[in-house]
């Protein structure tokens, strides 16, 4: 309910789209998500450049991926961290590097 009332998903989508516009080639995007809905949107954006997960292709049918994943799978807290900080249990860290030139 909190996510919907605060429009957190819309805010995350807006943030990711802005990141796609301002991150230069070689720049890195690192995001920690705490909920599966957030994580799915972040994962889709890092894989395809779009929060919906739709992959664009060039004229020849090759996928256009604006980011190269640095972390193939999310980094999650270890057992020690989870025991010391119970809120960290759901945290997932994902990182990607910009590889495609922005359309200008």
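Over the chain, the hull volume per residue, using the convex hull of the C-alpha atoms, is 112 Å³.
Calculated mean residue ellipticity, 222 nm, the chain: -10500 deg cm²/dmol, from DSSP H runs (n ≥ 4) at -39500 (n - 2.57) each, averaged per residue and rounded to 500. Distance between the pseudo-spin-label points of residue 93 and residue 79 (7 Å out from Cα toward the beta carbon): 2.0 nm. Modelled spin labels at residue 35 and residue 86, positioned 7 Å past Cα toward Cβ, are 2.0 nm from each other. When you work out D = kT/(6 pi eta Rh) for the stretch 42-84 at 37 °C and 0.692 mPa s, using the Kirkwood radius from C-alpha pairs as Rh and the Stokes-Einstein form, the result is 266 µm²/s.
Could you list the residues of the stretch 70-89 with an amide nitrogen less than 16 Å from a label point located 7 Å from the Cα of residue 6 in the Cα-to-C-beta direction? Counting backbone N atoms under 16 Å from the label point, the list is 87-88. Give the angle, between 0 and 90 degrees and rounded to the nearest 10, that separates the Cα long axis of helix 8-22 from the longest principal axis of the Cα atoms of the chain. Long axis of 8-22 versus the principal axis of the chain: about 40 degrees.
Bear in mind that the values in this text are calculations on the coordinates, not laboratory data. Please read all numbers here as calculations on a predicted model, not as lab measurements. Here the Cβ is made from the backbone with ideal geometry for all residues, glycine too, and neighbour counts use every protein chain on show.
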